[in-house]
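J.: Shown below is the structure under consideration.
Here, each number is a calculation from the coordinates, and none is a lab measurement. Keep in mind the model is a prediction, meaning the values are calculated, not measured. Neighbour counts run over all protein chains shown; Cβ positions are idealised from the backbone, glycine included.
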Amino acid sequence: MRIRLKVWRQESREAAGRFETYDLDSVNEHMSFLEMLDVLNEKLTLEGKEPVAFDHDCREGICGMCGFLINGIAHGPEKGTTLCQLHMRHFQDGAELTLEPWRAKAFPVIKDLIVDRSALDRVIQAGGYISVNTGSAPEANIHPVPKDTAEKAMDAAACIGCGACVAACPNASAMLFTAAKVSHLGLMPQGQPERMQRVKKMIAAMDAEGFGSCTNHGECQAVCPKEISTEFIARLNRDLIRSALLLTRV
Amino acid sequence: MSEKIRATAPDGPIETRWERRRFEYKLVNPSNRRKYTVIVIGSGLAGASAAASLGELGYRIKVFCYQDSARRAHSIAAQGGINAAKNYQNDNDSIFRLFYDTVKGGDFRARESNVYRLAQVSNNIIDQCVAQGVPFAREYGGTLANRSFGGAQVSRTFYARGQTGQQLLLGAYQALSRQVAAGTVTIFPRTEMLDLVVEKNRAVGIIARNMITGEITRHAGDVVVLASGGYGNIFFLSTNAKGCNASAAWRSFRRGAFFANPCFTQIHPTCIPVSGDYQSKLTLMSESLRNDGRVWVPKKKGDKRPPNEIPEEERDYYLERRYPAFGNLVPRDVASRAAKVVCDAGHGVGESGFGVYLDFSEAIERLGEETIRQRYGNLFHMYEKITGENPYRTPMRIYPAVHYTMGGLWVDYDLMSTIDGLFVAGEANFSDHGANRLGASALMQGLADGYFVLPYSVPNFLATAGHSEATPDDPEFLSAEREVEDRIRRLLSINGSRTVDSFHRELGMVLWQHCGMARNRQGLEEALKRIPEIRAAFWKDVKVPGSAETLNQALEKAGRVADFLEMAELLCRDALEREESCGCHFREEYQTEEGECRRNDEDFAHTAVWEFAGDEKPPVRHKENLKFEYVKPSQRSYK
């Protein structure tokens, strides 16, 4: 099949960007989207041009490294799919596809389709953990966890930290990402002691990084490759209100 | 035997060896710990857990990873689970049984003392991960659930859906993040180690490249921990992540760290086959599918009819035919080799001819589609996503793929390499799996090393050897930095006519053909002739676009492939010298009449330990003899 790509090219963080158009005329429908870009890059290299820089690693939808916009949609048109698991058979022969990096103040472009997502790491560093030193853990079965609680926590913990939720949000909010971690740890009995502090600190870190606020658009859930529910944002908001009440009282 | 190869495990009863060794270890006073710098390469299960634990103790830690975040290391992709000898199912599991299964599963090529320790600390790992909030699967009563896995008759595998590696890694990453906040750990993401700096046979630091700016930096430390993963990507196509590489290990080998059993590479039988020459990686499908799927190929060579049009009598259910007792459930290595045999003979299916059918039609007829959906729904969904075919209607196509490397840098009982102060953990070392790793044991080993071995053995080294006096301005640092820069300049200046990937693919084909599922003298000798030719062509004709001063993914790849092109020779040399078949190393000359591995315990009950001898001379093969005091070697049979 034939594919026309309009790709965002940007030399560096400081440089101005522009779109470049590339035509590929023998795309195999069984290729993944990233394999199609591999083919483009081999071609560009042999033509003496610079290949398109894009992040990727595991190519099986779990590491969270890949991600950009295809025609304005984070991770492309298939629901619940990362770019690396999106295959060309989902596109029409002759399709024109515009590829852009995540657009968000907190995610500066590094090069072409690669952005700096270290802000998400700093949100976790602000409190997205349970403070337990190695060696001080009690016997694993000492705290029973109801099966459905563990399942619900796992639904939230499935977040791969790709940043699609931020890219899709009109406010560039990292609320779904933050809510997923707050909910995962807040559901587990082990996460209770720090629960109120955690939500407060993580929200403060999110704001400090330049992510916007959540105004319930729901775009995040629509593009999330792990289909994480905005229900967790509601859960975060409840914890945040409780933390305001509880923590001021102390 | 080299003076340097001493396992240092204590003698005496195996049950108390680790306890006694720990008591011998020297300690570092809490107020002195912050004066020591520990460099950790890699942020997967082994690296992140070691860095977090040593940070908690008060050491200053620098963690380097090539990904944009420590959370993305390839441990994240592990699906199945993690073993531990908790005996929660009351099925008579024990530390000794986990130890026994692991030594036997490794076909008697692992060190007993290390494996026993692994089994001992396995239970602490589960405790630790649960305390971190890892959402393991639970029973209705709230206790932890277990499932069965290959190579064991007990149910000892803990899991979090099909994402166990992800959840364990996030647990370790969160512990690491807490130490970043506490100021003990600094993470250097998008930074790749390009060389090890050694002074007077002590590792004193690394040379690294900032992958965004291209800046080359020198980092001094009192200890270097390599937790940089395995070398499966040497084959180009593997289930590893695209960025997985052996450069940190290989550069350390060139600086004096010995390399053990490089030919022990595991090939997993059930992966989605290659669909074209654009293929960039392979995806694993859980081997549990073989419980209900029947493996077959057309009897007629080159039969291109769709599978549903091939009548029953024209199908060859070759596993059932060759192994009537175990049928489709033969172990990984046997299933992989059998698929290769039928495809090499021209019976393979799919566009490439390198695939076999895994057919569920009979199981669906017998049990109903709903039962199959409950058992394997997520796997069928993933298969359909990748191939666009519906496995409820048409048989899956599968083929073996490179998955894990048991070989790695040689380490002693303390996990220290032959270079003082260079510790190696996780898949990067060779220590626990012998010639074949059992399922759900990789996660266990990575976390055992990082949470429960290195936090004791690294301080012992520091207390004994003291501070490294080295500074980043020492001549050894400056000359290593110069070598790194020269190499980068050279790669960029060749400006030839072929891409890096084209060489990598070519190397992968040679290795896959001659040093893959089955090996023989003639093929290995052929590979040893071809590899230097490919390497020479690479350094003459590779085209690496762009510059050294920016983010340049082609340059990153070029450096890694250049190292693979050197390492490939060691792999083949090791396979050639090991004149026996054991575990995943199958030499066609050494097989039983039934076509199974024929081990040679008389001559090869040892670890092959290779020493770099310079570019002009072949590496030197040393031996670490293996003693089996607790598990008596026996022959495996699956007829």
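J.: Using only the alpha-carbon atoms, how far is helix B:332-344 inclined from the longest principal axis of chain B? Give it as 0 to 90 degrees, nearest 10.
T.: 60 degrees
J.: Quick check: the distance between the Cα centres of region B:205-255 and region B:356-381, to the nearest angstrom?
T.: Comparing the Cα centres of region B:205-255 and region B:356-381, I get a distance of 41 Å.
J.: Can you give me the long-range amide H partners of B:V225? Hydrogens built in the peptide plane at 1.01 Å from N, cutoff under 5 Å, separation of 5 or more residues or another chain.
T.: B:I39, B:V40, B:I41, B:F423
J.: Within 10 Å of each Cβ in peptide A:148-161, how many partner chain Cβ atoms are there on average? Round it to a whole number, please.
T.: 5
J.: To check you understand DSSP bridge types, tell me what percent of the beta bridges within the protein assembly as shown (both residues inside) are antiparallel, rounded to 5.
T.: Around 70 percent antiparallel, to the nearest 5.
J.: Can you give me the long-range amide H partners of B:T405? Hydrogens built in the peptide plane at 1.01 Å from N, cutoff under 5 Å, separation of 5 or more residues or another chain.
T.: B:Y231, B:G232, B:Q266
J.: So, one more: What is the extension gain from A:L246 to A:K147, computed as 0.36 nm multiplied by their sequence separation minus the C-alpha to C-alpha distance, in nm to one decimal?
T.: Extra length available between A:L246 and A:K147 comes to 32.8 nm.
J.: While we're here: Give me log10 I(q)/I(0) at q = 0.13, 0.17 Å⁻¹ for chain A, Debye formula, one equal scatterer per alpha-carbon, no solvent.
T.: -0.84, -1.23
J.: Could you put B:I272, B:I494, B:I39, A:I142 in order, starting from the residue whose Cβ has the fewest other Cβ atoms within 10 Å?
T.: If I rank by nearby Cβ atoms, fewest first, I get A:I142, B:I494, B:I272, B:I39.
J.: I'd like the orientation of helix B:95-105 relative to chain B: the angle between its Cα long axis and the longest Cα principal axis, in ° from 0 to 90, rounded to 10.
T.: 70 degrees
J.: For region B:296-356, what's the relative contact order in percent, using C-alpha pairs closer than 8 Å and at least 6 residues apart?
T.: So the answer I get is 42 percent.
J.: Relative contact order for chain B: what percent, with Cα pairs under 8 Å and sequence separation of 6 or more?
T.: Relative contact order, chain B: 20 percent.
J.: Can you compute the modelled spin-label distance between A:E139 and B:S352, with each label point 7 Å from Cα toward Cβ, in nm?
T.: 5.0 nm
J.: Would you calculate the convex hull of the Cα atoms in chain B and tell me its volume per residue in Å³?
T.: Taking only Cα atoms, chain B has a hull volume of 154 Å³ per residue.
J.: Let me confirm one metric for peptide B:389-395, namely the mean number of other chain beta-carbon atoms within 10 Å of its residues' beta-carbons.
T.: 0
J.: Something else: Starting from 0 in steps of 20 Å, tell me what percent of the Cα-Cα pairs of the protein assembly as shown lands in each bin.
T.: Whole-percent P(r) values from 0 Å outward: 15, 50, 33, 2.
J.: Could you tell me whether region B:1-97 comes out rounded, prolate or oblate from its Cα gyration tensor? Rule is a ≥ b ≥ c as square roots of the eigenvalues, rounded for a/c under 1.5, then prolate if a/b exceeds b/c, otherwise oblate.
T.: In terms of gyration-tensor shape, oblate.
J.: Same structure, new question: Based on the Cβ-Cβ distance of B:E588 and B:R147, what FRET efficiency does E = 1/(1 + (r/R0)^6) give at R0 = 51 Å, to the nearest 0.05?
T.: 0.90
J.: Given labels modelled 7 Å from the Cα in the Cβ direction, how far is it in nm from B:R254 to B:E3?
T.: 2.6 nm
J.: Also, quick follow-up: From the helices alone, meaning DSSP H stretches of at least four residues, give me the mean residue ellipticity at 222 nm for chain A, per-run term -39500 (n - 2.57), in deg cm²/dmol to the nearest 500.
T.: -11000 deg cm²/dmol
J.: Another question about this same structure. Give the angle, between 0 and 90 degrees and rounded to the nearest 10, that separates the Cα long axis of helix B:500-515 from the longest principal axis of the Cα atoms of chain B.
T.: Roughly 60 degrees between the two axes.
J.: Does region A:142-215 come out rounded, prolate or oblate, given a ≥ b ≥ c as the square roots of the eigenvalues of its C-alpha gyration tensor, rounded meaning a/c under 1.5 and, failing that, prolate meaning a/b above b/c?
T.: Verdict is oblate for region A:142-215.
J.: Also, quick follow-up: Arrange the following residues from fewest to most other Cβ atoms within 10 Å of their Cβ: B:I126, B:I267.
T.: So the ranking, lowest neighbour count to highest, is B:I126, B:I267.
J.: Please report A:S136, A:S131 as a ranked list, fewest other C-beta atoms within 10 angstrom at the top and most at the bottom.
T.: A:S136, A:S131
J.: Taking amide H positions as placed in the peptide plane 1.01 Å from N, state which residues far from B:M396 in sequence (5 or more) or on other chains have amide H under 5 Å from it.
T.: Here B:L358, B:F360 satisfy the definition.
J.: Students often check this: by mean Cβ neighbours within 10 Å, which of A:113-126, A:71-84, B:306-319 ranks highest, and how do the rest follow?
T.: A:113-126, A:71-84, B:306-319
J.: Could you sort the peptides B:205-211, A:37-43 by per-residue average Cβ neighbour count (10 Å cutoff), highest mean leading?
T.: Per-residue Cβ counts within 10 Å, averaged per peptide and sorted highest first, yield B:205-211, A:37-43.
J.: Now for a different question. Could you check the spin-label model distance between B:E526 and B:D303? Points 7 Å from the Cα along Cα→Cβ, value in nm.
T.: In this crude spin-label approximation the distance works out to 2.8 nm.
J.: Show that you can apply the helix-only estimate: for chain B, add -39,500 (n - 2.57) for every DSSP H stretch of four or more residues, divide by all residues, and state [θ] at 222 nm to the nearest 500.
T.: Dividing the helical sum by the residues of chain B leaves -11500 deg cm²/dmol.
J.: How are the alpha carbon pair distances in region B:83-181 distributed across 10 Å bins from zero to the largest one, expressed in percent?
T.: The percentages, shortest bin first, are 15, 42, 33, 10, 1.
J.: Rounded to the nearest 0.05, what FRET efficiency do A:R89 and B:S479 have when you use their Cβ-Cβ distance and R0 = 56 Å?
T.: 0.60
J.: Express the relative contact order of region A:118-249 as a whole percentage, based on alpha carbon pairs under 8 Å and six or more residues apart in sequence.
T.: In percent, rounded to a whole number, it is 33.
J.: Follow-up. Report, ordered by chain and residue number, the aspartates and glutamates lying within cross-link reach of B:K62, taken as a straight Cα distance under 14 Å and ignoring same-chain residues fewer than 8 apart.
T.: Cα-Cα hits under 14 Å: B:E192, B:D222.
J.: Average partner chain C-beta neighbours within 10 Å, per residue of B:548-556?
T.: Partner Cβ neighbours, averaged per residue: 4.
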